[in-house]
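The values are calculated or read from the model by the stated rules, or taken from the named source; none is laboratory data. Note that the structure is a prediction, hence the values are computed from the model and not measured. Note that we place each Cβ from the backbone using ideal geometry, even for glycine, and neighbour counts take in every protein chain shown. Ligands, DNA and RNA are excluded from the accessible area calculation, which covers all protein heavy atoms including side chains. Shrake-Rupley method; radii C 1.70, N 1.55, O 1.52, S 1.80 Å.
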Amino acid sequence: MPGIDARQPNRKPPQRHASHSGVTRRSLLASAALLMTTSIAGARVVTKVLPWKPNEAYPVTPVVPGGYLFFTPAEATIVDAFVDRLIPTDELGAGAKDAGVTTFIDRQLTGPYGGHDWLYMQGPFSATPLPSQGLQSPLTPRQQYRLGLAALEAYCKESYGGRGFTELNSDEKDKLIAAMEKSEVQFKGFSSRMLFSALYTNTIEGYFADPIYGGNRDMVGWKLVGFPGVRYDFRDVMEKPNQAYTLPPVSMQGRAAWGER
């Protein structure tokens, strides 16, 4: 792995160039910023439930890492291998696999997101939707992952001499992911582009979301971009203008460093 090589003494860290077009750590960071912007500006679409009760809140249940609630062991191994190519561990820090992104996706799929519980899921679904129309599929995220991962594995075994996705080398994985991104590869019974989009979007979310949701382990994503987290009191910082902010990030669960100076 390039990231392991970069930590060997007296050896110049290699330059990382993802072979699949458009998917680089830089593009992932840019997409994360766009998601933050659009999530603030976008309207909330709610069906099935009426959440507008006065003072109602949705407290987060902290994810306890260990095992998987939705993924089978084989599916989790494929997702681990896939997200590890989207954000590999390298000289900049831990990648998506080491940040617990697979656990984040697994727990999201077991909740309201996995069933699109709060989205309008009745037809019609356009075959040629406008960019503003968003997802056009009757499949929930749980169905997309279950069907998509099976289709990916079947395609690999048929196209790579019986080898599954996890058995491909890094270059083969990158080329296949790039083809999925551009819809240049056809899976039997499932859209390769849809599976790529789900994994790409959820990887970004898991890498930068609060660690309370199971990803962003040790706040590696926040440390990478210099995000301070949810520290409740910045008065000490405000009293020191033009000085670098050096305090570690703080998650929603707090940490022992709350009182650090």
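Structural remarks
- Being on the phi > 0 side of the Ramachandran plot, among the polar types (S, T, N, Q) and open to solvent by less than 10 Å² (accessible area, probe 1.4 Å) holds for only one residue in 216, 242, and it is 216.
- Residue check, residue 215 without any contact (Cβ under 8 Å) to a residue 24 or more places away in the chain, out of contact with any Ser or Thr (no Cβ under 6 Å at 6 or more places or on another chain) and part of a loop (DSSP other than H, G, I, E, B): no
Residue-wise test of (1) farther than 24 Å from residue 71 by Cα; (2) open to solvent by less than 20 Å² (accessible area, probe 1.4 Å); (3) touching a residue at least 24 places away in the same chain (Cβ under 8 Å); (4) in contact with a Gly (Cβ under 7 Å, 6 or more places away or on another chain).
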{"site": "161", "(1), (2), (3), (4)": "yes, no, no, no"}
{"site": "193", "(1), (2), (3), (4)": "no, no, no, no"}
{"site": "200", "(1), (2), (3), (4)": "no, no, yes, no"}
{"site": "204", "(1), (2), (3), (4)": "no, yes, yes, no"}
{"site": "230", "(1), (2), (3), (4)": "yes, no, no, no"}
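- The set of residues in the range 163-182 being under 13 Å from residue 152 (Cα atoms) and either part of a loop (DSSP other than H, G, I, E, B) or at pLDDT below 95 (or both) consists of 163, 164, 168.
- Members of the range 118-136 that are among the small types (Gly, Ala, Ser) and either under 20 Å from residue 82 (Cβ atoms) or without any contact (Cβ under 8 Å) to a residue 12 or more places away in the chain (or both): 126, 127, 132, 134
- One residue alone among 120, 113, 155 is aromatic (Phe, Trp, Tyr), under 24 Å from residue 60 (Cα atoms) and either modelled with pLDDT of 95 or more or in a helix (DSSP H, G or I) (or both), and that residue is 113.
- Qualifying positions in the range 124-136 - exposed (fewer than 15 other Cβ atoms within 10 Å of the Cβ) and assigned to a loop (DSSP other than H, G, I, E, B): 124, 125, 126, 127, 128, 129, 130, 134, 136
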